[in-house]
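Reading through the structure tokens given below for one structure.
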Amino acid sequence: MSANITALAYLVSSILFILALRGLSSPATSRRGNIMGMVGMAIAMIVTILNPDVVSYDWVIGGIVLGGAIGAVIAQRIAMTAMPQLVAAFHSLVGLAAVLVAAAAFYNPEAYGILDASGTLTVLSRIEMSVGIVIGAITFSGSVIAFTKLQGLVSGNPVTFPGQHMVNLAIGLVIVALVIWFCVDLDPRIFWAMTALAFIIGFMIIIPIGGADMPVVVSMLNSYSGWAAAGIGFTLENTALIIVGALVGSSGAILSYIMCKAMNRSFFSVILGGFGGDAAVAGPDKGDRPHKAGSADDAAFIMKNAGKVIIVPGYGLAVAQAQHALREMVDLLKEAGVDVVYAIHPVAGRMPGHMNVLLAEANVPYDEVFELEEINSDFSTADVAFVVGANDVTNPAARDDPQSPIYGMPILDVDKAQTVLFVKRSMSAGYAGIDNDLFYKDNTMMLLADAKKMVEEISRSL
């Protein structure tokens, strides 16, 4: 295949990737966006495989078959609740791939055509290689830690120790010094020292970040994986890889900014040590605070006689896989003449867009789903706010308590509805580890049960 045809094919695939991102910006066009992304990736892979510089297809075909089979099995078996940790795991593989490709180019530069006239690795290639290695290694180790936290293999609480930031700063400065040294001296020991420290700093960056900041972490690691791919794209002189990496890197960075804004957190405050974990922070003993408990019959009666109901889905909905049952309940309410819409917080769930995907899976009409800014003012006119496991993003302490760790975070003002029906397994704190004042308000009725079971019982009562 000629260089011109290869360049044209890479250009077409890059355009498809851009259109895919545009399609993914809306639920109504997300399916088409996914298809465009897959077609673009297929074109890029085929062009790369047909490159005349390929010496042997044994390893190439073997990798495609093995990787494709693993990906297909995971895609079929993965639950929506595990999607955030799956994304983190896949980010780690992108980072590791960047490190391995850089190592291959370092030990066999002739195959990559990155030697200068004197037969040594060009300075520009050394810089590109260093960037790919450092970002890739940080992405790998950071994503592994994020995966273990999201999967519950380790505590979601922040892990901190005295002088942590100074240690991170020192490691970062040593990495910068090693990168500069590597550009002067091609000693393999410098190469692997730089790589090892990058792995360590990735680990150190993520361990102090608590569960409440995980949506930002997922977006941030997404950005890192893109920049790692772009760095290696320069080393390989692969236009498609550079463009795709830049798209992923920039879109991930923008999404991280949006997530931080939605949580009223700065990006640096997240990196320097987040908050939130498994246990509730100090505060009033939940056992001493009275709350109003209700049943499915109570909830069905209240909602059937309501004029307007706003549904607020959260991670509890995903855990119980209750999205289809919720859609059936809403259909029954509509038949009874109730106006029903959905309210989505930007960081509801464990990753951006988690709740939108769940509702789309249950074929909820897109025009019934509203973001925080669009619907927050409507809660004061709603008869019922029906909350399914959306804990931290409905906590009035973020709005009313200056002493709360989440103070200033924009929330869904569900407490302003005439009645709040809150479906939750127990009275425990949310992922941020903070007790929810909403549980104890006079207009809140707690429906303590598995979300799917409770919603199905409400449907039967209706």
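The values are calculated or read from the model by the stated rules, or taken from the named source; none is laboratory data. Note that the coordinates shown come from a computational prediction; the quantities given were computed from them, not determined experimentally. Quick reminder, even Gly has a Cβ in these numbers, built from the backbone with ideal geometry, and neighbours come from all protein chains shown.
For the range 307-315, the criterion of being among the aliphatic types (A, V, I, L, M) and touching a Pro at 6+ places or on another chain (Cβ under 8 Å) is met by none of the residues.
In the range 175-187 there is no residue matching the filter, namely being closer than 18 Å to Val99 by Cα, crowded, with 24+ Cβ neighbours inside 10 Å and out of contact with any Phe, Trp or Tyr (no Cβ under 8 Å at 6 or more places or on another chain). Tallying residues that are at pLDDT 85 or above and surrounded by fewer than 19 Cβ atoms within 10 Å (Cβ to Cβ) within the range 97-122 yields 6. Restricting attention to the range 31-48, does a residue exist that is in contact with a helix residue (DSSP H, G or I) (Cβ under 7 Å, 6 or more places away or on another chain), without any contact (Cβ under 8 Å) to a residue 24 or more places away in the chain and among the charged types (D, E, K, R)? Yes, that holds for at least one residue. Considering (1) within 22 Å of His354 (Cβ to Cβ); (2) touching a residue at least 24 places away in the same chain (Cβ under 8 Å); (3) surrounded by fewer than 21 Cβ atoms within 10 Å (Cβ to Cβ); (4) not acidic (Asp, Glu), the lone condition that Ile254 does not fulfil carries the number (2). Hey, can you tell me all the residues within the range 116-165 that are polar (S, T, N, Q), out of contact with any Asp or Glu (no Cβ under 7 Å at 6 or more places or on another chain) and farther than 18 Å from Ile206 by Cα? Across the range 116-165, the qualifying residues are Ser118, Thr120, Ser125, Ser130. Taking Leu153 as the residue in question, decide whether it is hydrophobic (A, V, I, L, M, F, W, C), closer than 30 Å to Pro52 by Cα and surrounded by fewer than 16 Cβ atoms within 10 Å (Cβ to Cβ). The answer is no for Leu153. Taking the range 383-397 as the range and being under 28 Å from the mean Cα position of the chain (by Cα) and touching a residue at least 60 places away in the same chain (Cβ under 8 Å) as the test, the residues that pass are Ala385, Phe386, Val387, Val388, Gly389, Ala390, Asn391, Asp392, Val393, Thr394. For the range 188-199, filtered to residues that are surrounded by fewer than 17 Cβ atoms within 10 Å (Cβ to Cβ) and aliphatic (A, V, I, L, M), the residue that is farthest from Ile135 (Cα to Cα) is Ala193. Residue count for the range 416-460 satisfying the condition of being over 27 Å from Asn157 (Cβ atoms) and either without any contact (Cβ under 8 Å) to a residue 24 or more places away in the chain or part of a helix (DSSP H, G or I) (or both): 10. In the set (1) over 29 Å from Glu237 (Cα atoms); (2) modelled with pLDDT under 90, Ala170 fails one condition alone, (2).
Suppose the filter is aliphatic (A, V, I, L, M), in the same structural domain as Glu373 (by TED's automatic domain parsing) and within 19 Å of Val384 (Cβ to Cβ); does Ala325 pass it? When the stated conditions are applied, Ala325 passes them.
The conditions of being at pLDDT 90 or above, surrounded by 22 or more Cβ atoms within 10 Å (Cβ to Cβ) and β-branched (Val, Ile, Thr) are not met by Ile302. Answer yes if at least one residue in the range 332-343 is within 24 Å of Gly152 (Cβ to Cβ) and crowded, with 22+ Cβ neighbours inside 10 Å, and no otherwise. The answer is no; no qualifying residue exists.
Here Gly113, Gly71 are screened, and the one residue that is in the same structural domain as Val144 (by TED's automatic domain parsing) and either in contact with a strand residue (DSSP E or B) (Cβ under 7 Å, 6 or more places away or on another chain) or of a type outside the set (Asp, Glu) (or both) is Gly113.
For the range 129-170, name all the residues that are more than 21 Å from Leu221 (Cβ to Cβ) and not hydrophobic (A, V, I, L, M, F, W, C). Pro162, Gly163 - these are the residues of the range 129-170 that are more than 21 Å from Leu221 (Cβ to Cβ) and not hydrophobic (A, V, I, L, M, F, W, C). Against the test of being at pLDDT 90 or above and either part of a helix (DSSP H, G or I) or at positive phi (or both), the options Ala196, Ala240, Ala212 yield a single qualifying residue, Ala196.
In the range 360-378, the residues that are in contact (Cβ under 8 Å) with a residue 24 or more places away in the chain reach residues that are among the acidic types (Asp, Glu) with C-beta atoms within less than 6 angstrom, at least six apart or across chains, in these pairs: Asn376/Asp413. The set of residues in the range 93-126 that are of a type in the set (Gly, Ala, Ser) and in contact with a helix residue (DSSP H, G or I) (Cβ under 7 Å, 6 or more places away or on another chain) comprises Gly95, Ala98, Ala102, Ala105, Ser125. Within the range 330-356, the set of residues being among the charged types (D, E, K, R) and without any contact (Cβ under 8 Å) to a residue 12 or more places away in the chain comprises Asp331, Lys334, Glu335. What pairs can you find where one residue is in the range 55-81 and touching a residue at least 12 places away in the same chain (Cβ under 8 Å), the other is in a loop (DSSP other than H, G, I, E, B), and their Cβ atoms are less than 8 Å apart, with a gap of 6+ or different chains? Final answer for the pair search is Ala79/Gln321; Met80/Gln321; Thr81/Gln321.
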